[in-house]
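Reviewing the structure listed below.
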Amino acid sequence: ALAAGGGGAAGPCTLPMLPVLLLLLPGLAAGLAGMLQPRDTPSRERRELGGLWSFRADLSPGRDAGFAQRWYRRPLRQSGPVIDMPVPASFNDITQDPSLENYIGWVWYEKEVLLPLRWLQGQPAPRVVLRFGSAHYYSIVVRASGGGPVVEHEGGHLPFEADISSVVQGSPGSLCRITVALNNTLTPHTLPPGSIQYMADKSRYPKNYFVQNTKFDFFNYAGIHRPVVLYTTPAAYIDDITVTTTSSDSLGRVQYQVSVVGSTANSLSLSLRDQEGKVVATGDGPVGELRVLNPNLWWPYLMHENPGYLYSLEVRMQAQLDGALLEDVYTLPVGIRTVHVTSSQFLINGRPFYFHGVNKHEDADIRGKGLDWPLIVKDFNLLRWLGANSFRTSHYPYAEEIMDLCDAYGIAVIDESPGVGIKLPESFGNRSLQHHLAVMEELVRRDKNRPSVLMWSVANEPASELPPAAHYFKTVIAHTKALDPSRPVTFVTDANYALDHGAPYVDVICVNSYFSWYHDPGHLEVIPLQLTAQFENWYKTYQKPIIQSEYGADSVPGLHSDPPMMFSEEYQQAMLREYHSVLDKKRKEYVVGELIWNFADFMTNQGTTRVLGNKKGIFTRQRQPKAAAFVLRDRYWRIANESSCLPPAITSHSLFL
């Protein structure tokens, strides 16, 4: 990405030094607060702050004028021009300004909201929390009256929040001005990593000219990408809930742990309800187990006639605080299922599971990575039309709203961290490692209760052949397992099987390969030999199940060639069929999944090999099918209908007529 101007001595990612009282959330520590998804309940209210926000990019040479001039001390419009910016959305594609398309540095968002008086009064007054679903990359929410940040957060794909009760309840009136400074600069120690390169040759580049270099193949969209929410809880409240489940045909077990903040709970009760509202189990106390006789198990799509079955776990707390009796209620969806990995199988509820799915991106025209409900629903309809039972959140955690639908529809998920592009030796150092551990804590904290999450992926295509990768991935994977012993852990590799220093520590081998595309381009005939050797070498070395986690070819919609030539729709079809012929043999042995790259075309940085982005989608960026989509649909429905778990009546036509 090119960025004319900016940089200077301070650099685009220099953080301001402010004498402030901080509530910092750059990572996690022992005993860190929970991150329950905001929900409306009898004791809680939520208010989304989507819509138009005031926006300004800091175009000063050092990108630091906003802090130096204290733009946050008064409404943003009073310190200079602002434009309307939709939230959630990436800011890059919204305007006709090319400098904003590729902007690197600090941008400023502002929103004024009126708070209900009931949020500001009472004895004790309710707790008021400001939550961001995600903002890319480094965020500072600034106290409007001065005195410094309310919260800071590093990372672009996970939620962060702050208790702002003392700020809003201590100010006159009910008008609240929210000011956010956001920086999208990537460094060798961020996740994903990147680097800033200054162009010193003044005969070729303007003064202070720099570029953001990255080692990943998708556009570094930036902005407030997911909903911003204000929500309330009682002053004493349910802070966190952790559930793990085990199952058999006759008994489901739900182990739970509940933490409470603000007071010692007088009573804590739990009830588990089925989808008809019937209570099937009850419990009390902060730790325990609920037992469900003859449970409806959570199954992936097309593995059962009733996939994605969810119970509702209602947690109810009562506590005394300052002479008042407070009650808090929170409801958590729960799916009862088990996951187990053997040397050659991936088992769900004791039955072999085969991933036939896709890799995706949060990416679309105009909105970039901004959350968009019509697009989300369209994508899930296409997944089910395709017969896909799974996807990987390549290459970062997806929105909670997407994960909710995975739980409800039975779409299995390999939940991946933003650890993509870890290529430089300095990105394997202790500073990067500590941040990676913190990100995994945030990810597990957010998604630990989701039945759709079958496996954690800590990285994609790192330079795992480098010697430091051994300690790095041993540490990250062990840490993730300690956080969540109930799920397998992997990372996705494109390294040589004999040189990969991280592979010994994963539970499932996930391999990316592009035979006849990046290797031996145009030679489809080499695929059977090379792909077979790939699988056999990996399995002989590690004796672990294998997922073909990426494969594919670019195709330009409407470009045809017979015999098949690269970039034609026919070549994409032919490559898929060559891969499938080998996969059909190896899935009878130890291959447990295949994920096409990619579900849909997506935007990348400009380059001589990218014509308006990556064209490896089986759908266009506008979600129209290419010829390869029909090849994959025929295959996935055939695989699904081979399963003895499906009633004979379930076909692609019966589900979509």
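Is at least one residue of the stretch 160-168 over 30 Å from Met403 (Cβ atoms) and buried (at least 19 other Cβ atoms within 10 Å of the Cβ)? No.
Against the numbered list (1) open to solvent by less than 50 Å² (accessible area, probe 1.4 Å); (2) outside any strand (DSSP E or B), Ile547 comes up short only at (2). Every listed requirement among (1) assigned to a loop (DSSP other than H, G, I, E, B); (2) in contact with a helix residue (DSSP H, G or I) (Cβ under 6 Å, 6 or more places away or on another chain); (3) closer than 25 Å to Glu536 by Cα is met by Ala498 save one, (2). Taking the stretch 607-616 as the range and being under 15 Å from Tyr514 (Cβ atoms) and assigned to a loop (DSSP other than H, G, I, E, B) as the test, the residues that pass are Thr609, Lys615, Lys616. Screening the stretch 200-240 for residues that are more than 21 Å from the chain's Cα centre (by Cα), part of a strand (DSSP E or B) and among the hydrophobic types (A, V, I, L, M, F, W, C) and picking the one that is surrounded by the fewest Cβ atoms within 10 Å (Cβ to Cβ) gives Val211.
Just one of the listed residues (Glu578, Glu570) is closer than 20 Å to Val611 by Cβ, in contact (Cβ under 8 Å) with a residue 12 or more places away in the chain and surrounded by fewer than 21 Cβ atoms within 10 Å (Cβ to Cβ), and it is Glu570. Entry remark, the stretch 429-444: residues being assigned to a helix (DSSP H, G or I) and touching a helix residue (DSSP H, G or I) at 6+ places or on another chain (Cβ under 8 Å) number 7 in total. When the stretch 539-555 is filtered for residues that are free of Cβ contacts under 8 Å to residues at least 60 places away in the same chain and under 28 Å from the mean Cα position of the chain (by Cα), the ones remaining, listed by number, are Ile546, Gln548, Tyr551. Checked against (1) outside any helix (DSSP H, G or I); (2) open to solvent by less than 40 Å² (accessible area, probe 1.4 Å), Lys423 passes all but a single condition, namely (2). Can you run down the residue pairs with Cβ atoms below 7 Å, 6 or more apart or on separate chains, where the first is in the stretch 93-107 and touching a residue at least 24 places away in the same chain (Cβ under 8 Å) and the partner is hydroxyl-bearing (Ser, Thr, Tyr)? Going by the 7 Å Cβ cut-off, the qualifying pairs are Ile104/Thr185; Gly105/Thr185. The residues of the stretch 275-294 that are open to solvent by 30 Å² or more (accessible area, probe 1.4 Å) and more than 19 Å from Asp328 (Cβ to Cβ), listed by number, are Gln275, Glu276, Gly277, Lys278, Val279, Val280, Glu289, Arg291, Leu293, Asn294.
Within the stretch 295-313, being farther than 13 Å from Tyr409 by Cα and open to solvent by 30 Å² or more (accessible area, probe 1.4 Å) holds for Asn296, Ser312. Scanning the stretch 314-355 for residues that are farther than 30 Å from Ser263 by Cα, part of a strand (DSSP E or B) and open to solvent by 10 Å² or more (accessible area, probe 1.4 Å) turns up Val339, His340, Val341, Leu347, Arg351, Pro352. Among all positions in the stretch 437-445, there is no residue which is farther than 26 Å from Val258 by Cβ, buried (at least 23 other Cβ atoms within 10 Å of the Cβ) and at pLDDT 95 or above.
The values are calculated or read from the model by the stated rules, or taken from the named source; none is laboratory data. For clarity, every value in this text was computed on a predicted model and none was experimentally measured. Neighbour counts are summed over all protein chains in view; Cβ atoms, including those assigned to glycine, are modelled from backbone coordinates with ideal geometry. Please note that ligands, DNA and RNA were not included when accessible areas were found on the heavy atoms of the full protein model with its side chains. Shrake-Rupley method; radii C 1.70, N 1.55, O 1.52, S 1.80 Å.
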